[in-house]
Amino acid sequence: MTTIKDIRELSYPELVDYCLSINEPDYRATQIFEWIYQKSTSSFDEMRNLSETLKNQLNKDFVFKPLDIEKKEVSEDGTTKFLFNLDDGQRVETVLIPAKTRTTVCVSTQAGCKFGCKFCASGIGGWTRNLATAEILAQILHVKEESLKHKKPLSHVVFMGVGEPLDNFDYLMKAIRMINNKKALNIGARRITVSTCGVIPKIHDLGKQGLQIELAISLHGFDNDSRNVLMPVNKKYPFNELMKACREYIKSTKRQITFEYILIKDVTCSNEAVQSLKKAFQGMICKMNLIPYNPVKEFDHQTPTRQEIYQFKDQLEKFGVHATVRMPRGRDISGACGQLRLRQ
Ligand code: SF4
């Protein structure tokens with residue numbers, strides 16, 4: 001049995017090839033892309049400048065429909081979290097994060113996650129499958145529409161939802177090129193962030209893509225032992241090797257890396273941690289996002305006090321690391337990744 005492809009699986013050159021193969025001119029590809037990515041249509045029948053013959057052919061050859069929403073929750077701070085049902089019964093979460101100067105969508109790349117970071121709800125039920133490029137793009141298209149309703153056009157995309165983005169490398173790369181493509185979503189590469197828990201071979205592969213995107217490393221530990229406790233991936237890709245891969249990435253791409261670091265009282269927020277990070281970051285130009293721990297009941301630890309958080313930040317800044325405290329958004333709607341899906 002051949003499954004019919006979602007049209008959002010096709011890159012622009014692939015769509016041009018398709019149009020030519022059915023004896024349509026190549027400009028049809030531009031028109032179809034405009035309907036999908038700029039006018040946010042949700043069916044071929046709405047594409048008014050296409051002939052009936054072409055619409056019928058598209059309906060025969062491709063699937064094209066919006067994602068099915070199971071749940072939508074809006075936080076007091078405006079963060080909106082969506083739970084979508086996929087065709088095979090899997091569910092994914094996507095978050096719209098409005099802020100003063102930007103509107104960001106946080107996108108999922110896998111149904112579940114195999115990496116099992118201890119503080120994260122996404123790894124608890126395990127991994128089921130990779131999301132297809134079309135499923136990744138459909139999340140963004142939905143949130144783009146929602147952001148327009150609030151007159152806050154979508155400006156940034158972060159791959160920090162459910163799943164390890166670099167573990168779904170090929171579909172992710174294809175999605176990124178579509179997000180960046182002027183004929184598709186036209187979001188600048190520097191407004192696209194990929195976050196990884198530290199899959200070293202894929203960091204090397206990413207460095208060879210020639211993309212000007214932002215890379216964020218979920219570090220969450222200050223040395224090998226602390227990272228082993230929180231991030232099982234560290235057993236395969238240890239702390240020192242990860243830092244070496246980051247230095248190589250920075251050297252080859254000339255791009256800065258952002259390190260995400262969770263602040264857990266007496267675990268990662270300590271003087272010992274500061275001293276170890278000082279050594280690890282020596283000579284590296286980087287940014288650090290400090291994220292106060294958002295408790296999940298499966299991981300019984302505490303958030304540091306405000307004073308402890310800012311002391312930690314000040315100490316990092318003293319040795320030249322530009323650190324920012326990021327308060328988790330949408331706490332009242334289970335804002336940490338994977339939590340809405342788990343609560344069902
Ligand atoms: S933090 Fe990311 S990589 Fe780690 S378990 Fe959660 S979704 Fe997976």
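The values are calculated or read from the model by the stated rules, or taken from the named source; none is laboratory data. Note that the structure is a prediction, hence the values are computed from the model and not measured. Because the Cβ atoms are built from the backbone with ideal geometry, glycine has one as well, and the counts that use them run over all protein chains shown. Remember, those area values only see protein heavy atoms, side chains included, never the ligands or the DNA or RNA. Shrake-Rupley method; radii C 1.70, N 1.55, O 1.52, S 1.80 Å.
Answer yes if at least one residue in segment 101-110 is part of a helix (DSSP H, G or I), surrounded by 24 or more Cβ atoms within 10 Å (Cβ to Cβ) and within 13 Å of the ligand (Cβ to nearest atom), and no otherwise. Scanning segment 101-110 turns up no residue that is part of a helix (DSSP H, G or I), surrounded by 24 or more Cβ atoms within 10 Å (Cβ to Cβ) and within 13 Å of the ligand (Cβ to nearest atom). All of (1) buried (at least 19 other Cβ atoms within 10 Å of the Cβ); (2) within 30 Å of LYS297 (Cβ to Cβ); (3) among the hydroxyl-bearing types (Ser, Thr, Tyr) hold for THR128 with one exception: (1).
Restricting to segment 31-50, and then to whatever is outside any helix (DSSP H, G or I) and either among the hydrophobic types (A, V, I, L, M, F, W, C) or touching a Leu at 6+ places or on another chain (Cβ under 8 Å) (or both), can you tell me which residue is farthest from ILE187 (Cα to Cα)? Let's see the steps before the verdict.
Narrowing segment 31-50 to residues outside any helix (DSSP H, G or I): 39-43, 47-50.
Still in the list and also either among the hydrophobic types (A, V, I, L, M, F, W, C) or touching a Leu at 6+ places or on another chain (Cβ under 8 Å) (or both): 40, 47, 50.
Working: SER40: 15, MET47: 23, LEU50: 26 Å.
Applying the filter and picking the extreme gives LEU50.
Every test in (1) touching an Asp or Glu at 6+ places or on another chain (Cβ under 7 Å); (2) modelled with pLDDT of 95 or more is passed by LYS313 save one, and that test is (1).
In the set PHE84, PHE33, which member is away from the ligand (no atom under 16 Å from the Cβ), under 16 Å from GLU146 (Cβ atoms) and open to solvent by less than 20 Å² (accessible area, probe 1.4 Å)?
Details: PHE33 fails: under 16 Å from GLU146 (Cβ atoms).
The unique qualifying residue is PHE84.
Any chance segment 136-153 includes a residue that's part of a loop (DSSP other than H, G, I, E, B) and crowded, with 23+ Cβ neighbours inside 10 Å? For segment 136-153, residues part of a loop (DSSP other than H, G, I, E, B) and crowded, with 23+ Cβ neighbours inside 10 Å: absent.
For segment 73-89, give me each residue that is within 18 Å of ILE136 (Cα to Cα) and touching a strand residue (DSSP E or B) at 6+ places or on another chain (Cβ under 7 Å).
Going through segment 73-89, the residues within 18 Å of ILE136 (Cα to Cα) turn out to be 80-89.
Of everything in segment 73-89, those that are within 18 Å of ILE136 (Cα to Cα) and touching a strand residue (DSSP E or B) at 6+ places or on another chain (Cβ under 7 Å) turn out to be THR80, LYS81, PHE82, LEU83, PHE84, ASN85, LEU86.
Scanning segment 140-170 for residues that are within 16 Å of the ligand (Cβ to nearest atom) and over 11 Å from the mean Cα position of the chain (by Cα) yields ASP167, ASN168, PHE169.
Helices (runs of 4 or more DSSP H) fully within segment 155-250 that include at least 3 residues being in contact (Cβ under 8 Å) with a residue 12 or more places away in the chain and within 19 Å of LEU137 (Cβ to Cβ): 169-180.
Being of a type outside the set (S, T, N, Q), in contact with a Pro (Cβ under 6 Å, 6 or more places away or on another chain) and away from the ligand (no atom under 16 Å from the Cβ) is a description that does not apply to GLY116.
So that you can scan it fast, the table gives a plain yes or no per residue for (1) more than 19 Å from LEU316 (Cα to Cα); (2) within 19 Å of the chain's Cα centre (by Cα); (3) surrounded by fewer than 14 Cβ atoms within 10 Å (Cβ to Cβ):
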{"residue": "HIS204", "(1), (2), (3)": "yes, yes, yes"}
{"residue": "LEU215", "(1), (2), (3)": "yes, yes, no"}
{"residue": "ASN234", "(1), (2), (3)": "yes, no, no"}
{"residue": "ILE257", "(1), (2), (3)": "no, yes, no"}
{"residue": "LEU263", "(1), (2), (3)": "no, no, no"}
{"residue": "CYS269", "(1), (2), (3)": "no, no, no"}
{"residue": "CYS286", "(1), (2), (3)": "no, no, no"}
{"residue": "PRO295", "(1), (2), (3)": "yes, no, no"}
{"residue": "ASP300", "(1), (2), (3)": "yes, no, yes"}
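For VAL74, the conditions (1) open to solvent by less than 70 Å² (accessible area, probe 1.4 Å); (2) touching a helix residue (DSSP H, G or I) at 6+ places or on another chain (Cβ under 9 Å) all hold with the exception of (1).
The residues of segment 36-64 that are farther than 20 Å from THR3 by Cβ, among the charged types (D, E, K, R) and either modelled with pLDDT under 95 or open to solvent by 40 Å² or more (accessible area, probe 1.4 Å) (or both), listed by number, are LYS39, ASP45, GLU46, ARG48, GLU52.
Can you name every residue in segment 18-30 that is in contact with a Leu (Cβ under 7 Å, 6 or more places away or on another chain) and either more than 20 Å from ASN186 (Cα to Cα) or surrounded by fewer than 18 Cβ atoms within 10 Å (Cβ to Cβ) (or both)? Steps first, please.
Filtering segment 18-30 for residues in contact with a Leu (Cβ under 7 Å, 6 or more places away or on another chain) gives 18, 24, 26, 28-29.
Result: TYR18, GLU24, ASP26.
Taking the residues in segment 316-336 that are among the hydrophobic types (A, V, I, L, M, F, W, C) and within 14 Å of GLU73 (Cα to Cα) as candidates, determine which candidate is modelled with the lowest pLDDT. Among those that are among the hydrophobic types (A, V, I, L, M, F, W, C) and within 14 Å of GLU73 (Cα to Cα), it is ALA336. All of (1) over 23 Å from the mean Cα position of the chain (by Cα); (2) assigned to a loop (DSSP other than H, G, I, E, B); (3) not β-branched (Val, Ile, Thr) hold for ASP88 with one exception: (1).
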